[in-house]
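Q: One structure is given below, represented as structure tokens, and several questions about it will come after.
We did not get these values from a lab; they are worked out from the coordinates using the rules stated. Just so it is clear, the structure is predicted and the values come from calculations on it, not from any experiment. Quick reminder, even Gly has a Cβ in these numbers, built from the backbone with ideal geometry, and neighbours come from all protein chains shown.
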């Protein structure tokens, strides 16, 4: 986009009309009267021109003043605004500069098949006809519009208008059907359950031609469907300022342990939640985001004890949450930072009796602070090193759905998913990846890892363990075939005994995923 814009502006020149004679003329200039300006504050203009005021000035000083003013417009994002020096007679030290504000005559949108041109125009306020083109605003609008939907890409081309002081923009649209989905088979199972997990996903990301997003996910254990059955739905709509969104979601679960997105589900029940997402500090190398929301959770968990009936401990409660996330990238590294504060409030559905039944000395007005940080460092020649840290702190004993868990492909490989859980803890992982081998079928690369976690309960009961330690190392392989098939293989060697997992018992995990 920038190259096309710069090619256009390269043919534009500043027109300076003067009646300069061969002899040097001296002028007393006490004021520059700038005519035709509607874009910059007069105070700003006069401050920039002040060094060129005074007695015995020459036309070279005037030309410098015009050039400085031209640069001021350019820095403000208006390269199509020109400064002219009209022929004139200086009276009482007043010198006139004429500003010519080139304005957008027409915006033509072409190539759109699945997104309405009117919606695209609405997403680009900097391209409203009749306005002076601000290049900085245009770049920001195009960046924002291209981030609205992965199936929509915009490329603006600028050209001179048919009349003086006008320009036109041709906006080329490259769009695809905003329907996507995935089918995944993996063996990311929890202890004492069958191996396989089957996941299906479907998403449509331009409902009502308003960029509303509706998605569903289903997760089952195909070898024994009574073990895991999870259905999740999410609706996301843009609101207010650029990039702001509201996300509403529901999760229906009949599961021992399952993970849907960033939500860990334990037991039978449902979750209703909402989030307000506010991106800010957009920049070429990253973005920061604030998120505020709530979760209402209603679960029954059955505890089986040999020789007795199942003990059911129902609970329903509300969690309020606030999050900060930041992504930054340079040529040498990229990192992600996430901070989250969650708290329960006694008056919002949270009852002392239910929390105490669910967890000894559990309290409804709990507080949880979470940290996630990941740094990917590019070593050169395709090699990269990844470091990741996760931590959680809690003020009180927590019910199972709010605890930190460790074990599995996303935390400590070599163990079952959510092998252990506790109120507080930390997880640290390191990974080195080889260069990618690219062939006709796709890409292939390998990795090695070292991971560990320490978890601790704040206030243990008689039958509760107070702390857990997990550690492992291993190797893995990643493959991407034809841009639609994805294969993950990991072999983890556990270094600590935990329940049925013994030191040295290598655990291999595999995932096959197809996306369309």
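Q: Express the relative contact order of the chain as a whole percentage, based on alpha carbon pairs under 8 Å and six or more residues apart in sequence. Don't jump to the answer; show the numbers that get you there.
A: Details: 1253 pairs, mean separation 38.2, N = 516.
RCO, the chain: 7 percent.
Q: Arranged from highest to lowest average of other beta-carbon atoms within 10 Å per residue, in what order do the peptides 394-407, 65-78 appear? Numbers along the way, then the final one.
A: On the way: 394-407: 23.2, 65-78: 18.0.
Those peptides, ordered most packed to least, come out 394-407, 65-78.
Q: Length gain on complete extension for the stretch residue 381 to residue 393, per 0.36 nm per residue less the alpha carbon to alpha carbon distance? Let's see the in-between values first.
A: Details: separation 12, 0.36 × 12 = 4.32 nm, distance 3.93 nm.
Contour length minus Cα-Cα distance gives 0.4 nm.
Q: Assuming a viscosity of 1.002 mPa s and a temperature of 20 °C, what translational diffusion coefficient in µm² per second does Stokes-Einstein assign to segment 106-175, Rh being the Kirkwood radius over Cα pairs? Each step should come with its number before you reach the end.
A: Details: Rh = 12.4 Å.
Estimated via Stokes-Einstein, D reaches 173 µm²/s.
Q: In addition: Rounded to the nearest 0.05, what FRET efficiency do residue 143 and residue 281 give with R0 = 22 Å and r taken as the Cβ-Cβ distance? Could you check? Don't skip to the end; give the middle numbers.
A: Numbers: r = 14 Å, r/R0 = 0.61.
After rounding to 0.05, the efficiency reads 0.95.
Q: Now, a different point. Quick check: the angle from helix 135-148's long axis to the longest principal axis of the chain, C-alpha only, nearest 10 degrees?
A: 20 degrees
Q: Per the helix-only calculation at 222 nm, which mean residue ellipticity applies to the chain, given -39500 (n - 2.57) for every DSSP H run of n ≥ 4 and division by its residues, nearest 500 deg cm²/dmol? All intermediate terms of the calculation are to be shown ahead of the outcome.
A: Values: 6 runs with 61 residues, N = 516.
Here the helix-only value at 222 nm equals -3500 deg cm²/dmol.
Q: Any idea what angle helix 59-75 forms with the longest principal axis of the chain, computed on alpha-carbon atoms, 0 to 90 degrees, nearest 10?
A: 20 degrees
Q: Given a Förster distance of 35 Å, report the FRET efficiency between residue 327 and residue 136 from their Cβ-Cβ distance, rounded to the nearest 0.05.
A: 0.95
Q: Calculate the FRET efficiency for residue 163 and residue 113 from the Cβ-Cβ distance with a Förster distance of 35 Å, rounded to the nearest 0.05. If you can, show how the numbers build up before the last one.
A: Values: r = 32 Å, r/R0 = 0.92.
Working from the Cβ atoms, E equals 0.60.
Q: If you average the alpha carbon positions of segment 355-377 and of segment 278-294, how far apart do those two centres end up, in angstrom?
A: 23 Å
Q: Multiply the residue separation of residue 218 and residue 88 by 0.36 nm, subtract the distance between their alpha-carbon atoms, and state the gained length in nm to one decimal.
A: Working: separation 130, 0.36 × 130 = 46.80 nm, distance 7.65 nm.
That pair, residue 218 and residue 88, stretches by 39.2 nm at full extension.
Q: Could you tell me the center-to-center distance, by alpha carbons, between segment 183-240 and segment 78-97 in angstrom?
A: Cα centres, segment 183-240 to segment 78-97: 65 Å.
Q: How much length would be gained if the chain were fully extended between residue 373 and residue 499, taking 0.36 nm per residue of separation minus their Cα-Cα distance, in nm to one decimal?
A: Gain on extension, residue 373 to residue 499, equals 42.5 nm.
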